[in-house]
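J.: Take this structure, written in structure tokens, and hold onto it; I'll ask about it next.
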Amino acid sequence: MDTSHKLDASRLAVVLSFFYAYILAFVLPIAAFKDRENYLVYAADAGSAMARYFDAGILAFLVNEPVFLLANYVLSLFMGPESVLSLLIFSFAFLFAYSMLGFNRKLIFLLLIALLLPQILKNHVVQLRQGYAVAIFTYAWLYLGRSKKWFMIGLTPFIHASFFIVGCFLVVFWFSSWARMKFDLKATVFFAISVFSVFLIFFVADLFGSRHALRYSGFDLNVSGSAFLFWSLVFAIFCFQSREWYAKHSFAALFVLVYLGMYFTFPLSGRVFESVLPIVLIAGFSTRGYYRYAFIGLFLMYSLIQIYIGLGQPLLGFASQSWEGALL
């Protein structure tokens, strides 16, 4: 690709990312989506939450997303709560969209579909803390050099707690790579750890004083098995890739196994998996030959099903109670 084509592709990614982020942040009403009241409270008074967690101890402070709270606190010194929320949504939605769309201009249509996938879109309309962390993780993973990459990824657990789990598996990945394990042995290790770690996650979270332990420990597990089948097929595709592909994408492939290992026992397996879903999709789009066609076919089918289900609900199922009643 010559320089002019590279510039055109980069400009297109910037323009599309801008409109994506602008619509999410400034066109769609703030009150239309679930959980926005809580985010407005954070934007108005993050300092009180920081003080409360710090009084509970340094561990409680660290596991309750202090970087997210600090960002809200600093911005609240200069603007009102709604402006803080809109600015954060725009900034991280733009960063995430550009990270995806700028990856490969030949795949820009598929990457645009990925941005509209409900599992990804909800990180920028409902699960905002996770969306902020996912944007930083995705950008760092795809574009930054080693030292900057690990520094930025190291911040993500302090924005959204799901990245503590992602980080633990990154440590396992580094160790297994250092030990020169082959992919099949890594896969066995990852799957085994994911199955047995479920019994420790809530215990450790509660021990450290994370509010997530209380909020989610009583959740009932209600799964159909369809997602398990879908991602099992995706992992099967990943098992037939080249050595060069594994050098770039093996962690993404292995995290599919983490999701499968937690699927039937951990109520937040999907939420954790969504934190790395963008790089899993990038890994799938980076396969070659018939495997790429197979992955794209699965992806399009999965996307259509997810969007079709969402279209039967107000705002794809993301509407707040007040707006849901008005829209119905």
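J.: Loop-only trypsin sites (Lys or Arg not before Pro) in the range 257-325, please: DSSP not H, G, I, E or B, and at most 12 other Cβ atoms within 10 Å.
T.: ARG288
J.: Name the shape class, rounded, prolate or oblate, that the alpha-carbon gyration tensor gives for the range 227-310, where a ≥ b ≥ c are the square roots of its eigenvalues, rounded holds for a/c under 1.5, and otherwise prolate holds if a/b is larger than b/c and oblate otherwise.
T.: Because a/c hits 1.5 or more and a/b fails to exceed b/c, the range 227-310 counts as oblate.
J.: P(r) of the chain in 20 Å steps, Cα pairs, percent per bin?
T.: Answer for the chain: a P(r) of 29, 61, 9 percent.
J.: Right, something else. Using Cβ counts within 10 Å as a stand-in for footprinting exposure, how do ILE282, ILE113 rank, fewest first?
T.: ILE113, ILE282
J.: Then there's this: Once you sort the root eigenvalues of the Cα gyration tensor of the range 21-168 as a ≥ b ≥ c, which label holds: rounded (a/c under 1.5), prolate (a/b larger than b/c) or oblate (the other case)?
T.: Oblate, because a/c is 1.5 or more while a/b does not exceed b/c.
J.: So which of LYS106/LYS148; LYS34/LYS106; LYS148/LYS186 end up more than 31 Å apart, counting from Cα to Cα?
T.: Checking Cα-Cα distances, LYS34/LYS106 exceed 31 Å.
We did not get these values from a lab; they are worked out from the coordinates using the rules stated. All of these numbers come straight from a predicted model, not from anything done at the bench. As a convention, Cβ positions derive from the backbone with ideal geometry for all residues, glycine included, and neighbour counts pool all protein chains shown.
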